[in-house]
Amino acid sequence: MRFRWMAAATAVIAGVGAAVAGAAQAAPGNVVLGGSSGLVFETNSACSLTAIGYDNANRLVGLTAGHCAPAGARLASETALDAGAVGVVAYSDNGEGLDFAVLQFDPAKVTPVRTVGATTINGIGPTPGPGTTVCSNGRTSGPGCGVVWGNLDETITLNQACSKPGDSGGPVTVGDRLVGMNQGRLTGLAGIGFDVPCTTAANPIHSPAFFAPIDVILGAVNAIGGVGAGFRPV
């Protein structure tokens, strides 16, 4: 989900290692990232990190939504812009398929963590069924939970958690298990349009959010091969 990013931040990513006065949150070489961390891309977009971990070649990798940025786009941590680019989009379906992207991070700059704020990811869980309470966390809305309404198909699960622009890519969890990737909110169904934006994560009156089950996404990553295949959270 796109938004207009300030020109100074764009310059940071375009020039690896460039400094932005007053933006420092972490020293270069020690950028802390985990599920729900805010990411900014050189394409004037911001999204949330699903999870960070290693692939079968022990590369430091992560996941986010595919509509966030195309392959080849560099990215920075929203809270450590002074560190410059800390990774690159290794693969993106540009939102045309399952809507996922694989990120490769510079291990000399990034410290991966399991816990960011209210979200801890200690492993992968199965797709939750109707009536299950799931929790999401994103750079815009922060943490919140909601009930699963059901699945439109094997790639889309509806739930009543909050989702705003910038939350795309954020983790959906049950306890400390990652079960999905937040991808947006539903604005219509069967030709009928509706859109009730979420105001706060604590307000349940809004259009349903939707996420892709993480096991479906990881299956696609493995089928493509290369960077990200065999992903396991830290």
How far apart, in nm, are two points set 7 Å out from the Cα along the Cα-to-Cβ line at residue 118 and at residue 96?
3.7 nm
Leaving out ligands, DNA and RNA, what percent of the accessible area of the stretch 87-234 is carbon and sulfur, probe 1.4 Å?
58 percent
Per residue accessible area in Å² of the stretch 24-149, where ligands, DNA and RNA are left out and the probe is 1.4 Å
35 Å²
Specify whether the C-alpha gyration tensor of the stretch 119-184 places it in the rounded, prolate or oblate class, a ≥ b ≥ c being the square roots of the eigenvalues: rounded for a/c under 1.5, otherwise prolate if a/b is larger than b/c and oblate if not.
oblate
If you put +1 on each Lys and Arg Cβ and -1 on each Asp and Glu Cβ, how big is the dipole of the stretch 122-234 around its Cα centre, in Debye rounded to 20?
220 debye
Could you let me know the centre-to-centre spacing of the stretch 80-116 and the stretch 199-233, using Cα atoms, in angstrom?
14 Å
Report the label-to-label distance for residue 152 and residue 44 in nanometres (one decimal), using points 7 Å from each Cα along the Cα→Cβ vector.
2.7 nm
Counting sequence-distant residues (5 or more places) and residues on other chains, those with an amide H built under 5 Å from that of residue 52 are 35, 234
Can you list residues whose amide H is under 5 Å from residue 168's amide H, if they're 5+ apart or on another chain and H is modeled 1.01 Å from N?
48
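The values are calculated or read from the model by the stated rules, or taken from the named source; none is laboratory data. Keep in mind it's a predicted model, so treat the numbers as computed, not measured. We place every Cβ from the backbone using ideal geometry, glycine too, and count neighbours over all the protein chains shown. With ligands, DNA and RNA removed, areas are computed over all heavy atoms of the protein, side chains included. Shrake-Rupley method; radii C 1.70, N 1.55, O 1.52, S 1.80 Å.
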